Amino acid sequence: MSYRYYQFTFAVIFVKRATDDHLSDMTTLQSEKTSFILTLKTYLSLGTLNLRTLAKPGKRELVLNEMNRYRWDIVGLSETHLPSTGIERINEITLITSGRSDGVHCQGVGFLLSKRAKQSLFAVHPVSERIITIRLKGTIAYMTIIQVYAPDLSRNDQEAEEFYSQLQHTVDTAPKKDVLFVIGDFNAIIRYSNDGFEDVMGKFGHGRQNHRGEMLIDFCRDSELFIMNTMFRHRERRKVTWRSPDGRTANMIDYILVGKRWKSSVLNTVSIAGGDFDSDHVLVMSELCLRIRKP
């Protein structure tokens with residue numbers, strides 16, 4: 001187990017890098033001001049975005065400036081390419097990252113938190129360069145959000161299976177009463193139709209399912225999660241999350257998954273095209289308002 005020390009103007013914390021034997025460990029944070037982001041009357045904007053890199057000079061400023069165009073509270077990040085694990089405050093935005101421990105600039109996941117979300121932040125759990133978890137305070141329930149970057153199709157199925165095994169363990173060790181979201185780039189294509197899959201997806205899927213899509217569906221079933229991208233009727237451009245460089249191929253591969261008990265709390269999930277993030281992916285956003293439903 002390795003420890004890294006970080007000091008900032010808002011907190012002094014130890015960030016503990018997870019190992020297979022300590023996946024349930026979290027670093028609890030104490031900040032000077034606390035609020036509860038999840039209440040019965042509060043709206044919350046949660047998103048995910050594959051940046052392709054955050055390490056390139058000028059990319060961080062580009063992303064933060066572009067985010068000013070949107071209403072958002074929490075955005076999970078894939079492919080940050082930052083070889084570090086820690087928390088950084090940039091003006092009123094908080095950047096949390098989990099990268100490779102060998103210093104290589106690839107993979108990497110993280111979160112951007114608004115000022116309001118940062119004040120609700122309770123714990124951070126950097127599992128690996130592909131999985132990171134945060135936990136936020138709420139009045140009715142706490143919220144656990146797991147951001148992922150799954151192996152792409154250039155990686156073999158064994159690596160994908162190891163990823164889902166670690167992700168399943170992360171989900172299984174999350175507090176059972178929390179509002180649970182699993183978001184990120186799954187590099188998986190699911191299906192148009194939900195016939196026979198009504199328990200994990202809605203009527204508005206996209207694409208021709210591949211093997212990684214089957215793995216995602218199986219994971220959702222095992223974890224009692226629902227794919228919110230498929231819940232709402234939108235035009236095709238509002239459903240796809242990735243486009244090839246030549247613009248000829250477009251797929252839905254970035255997803256927002258939610259624990260089934262909390263599905264009715266998600267009011268909309270949509271892909272937002274037109275953002276200048278210097279990426280072939282687009283921002284995917286969900287609008288939430290907490291609704292209580294008995295399990």
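Which one of Asp218, Asp195 is acidic (Asp, Glu), more than 21 Å from Val75 (Cα to Cα) and modelled with pLDDT of 95 or more?
The match here is Asp218.
When the residues of segment 174-189 are narrowed to those that are in a loop (DSSP other than H, G, I, E, B) and out of contact with any Asp or Glu (no Cβ under 9 Å at 6 or more places or on another chain), which ends up nearest to Gln107 (Cα to Cα)?
Ile189
Kindly check whether there is at least one residue in segment 93-109 that is modelled with pLDDT under 95, outside any loop (DSSP other than H, G, I, E, B) and more than 18 Å from the chain's Cα centre (by Cα).
So far as segment 93-109 goes, no, none of its residues is modelled with pLDDT under 95, outside any loop (DSSP other than H, G, I, E, B) and more than 18 Å from the chain's Cα centre (by Cα).
Results for (1) in contact (Cβ under 8 Å) with a residue 24 or more places away in the chain; (2) outside any loop (DSSP other than H, G, I, E, B); (3) out of contact with any helix residue (DSSP H, G or I) (no Cβ under 6 Å at 6 or more places or on another chain); (4) under 20 Å from Leu77 (Cβ atoms), shown as yes or no for each residue.
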position: Arg233; (1), (2), (3), (4): yes, no, yes, no
position: Val240; (1), (2), (3), (4): yes, no, yes, yes
position: Asp246; (1), (2), (3), (4): no, no, yes, no
position: Val258; (1), (2), (3), (4): yes, yes, no, yes
position: Trp262; (1), (2), (3), (4): yes, yes, yes, no
position: Ser271; (1), (2), (3), (4): yes, yes, no, yes
position: Gly274; (1), (2), (3), (4): no, no, yes, yes
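Can you find even one residue in segment 64-85 that is in a loop (DSSP other than H, G, I, E, B), modelled with pLDDT under 95 and among the β-branched types (Val, Ile, Thr)?
For segment 64-85, residues in a loop (DSSP other than H, G, I, E, B), modelled with pLDDT under 95 and among the β-branched types (Val, Ile, Thr): absent.
From the list Gly207, Gly259, Gly274, which one is modelled with pLDDT under 95 and within 22 Å of Ala150 (Cβ to Cβ)?
Gly207
Identify, please: which residue in segment 66-109 is farther than 24 Å from Leu38 by Cβ and of a type in the set (A, V, I, L, M) and is, among those, surrounded by the most Cβ atoms within 10 Å (Cβ to Cβ)?
Leu82
Taking segment 188-218 on its own, how many of its residues are under 30 Å from Lys137 (Cα atoms) and crowded, with 18+ Cβ neighbours inside 10 Å?
Qualifying residue count for the region: 5.
Being modelled with pLDDT of 95 or more, surrounded by 13 or more Cβ atoms within 10 Å (Cβ to Cβ) and of a type in the set (D, E, K, R): is that true of Arg52 here?
Answer is yes for this residue.
The values are calculated or read from the model by the stated rules, or taken from the named source; none is laboratory data. Computed from a prediction, not measured in an experiment: that's the story for all the values here. FYI the Cβ positions are ideal-geometry reconstructions off the backbone, even for glycines, and counts take in every protein chain you see.
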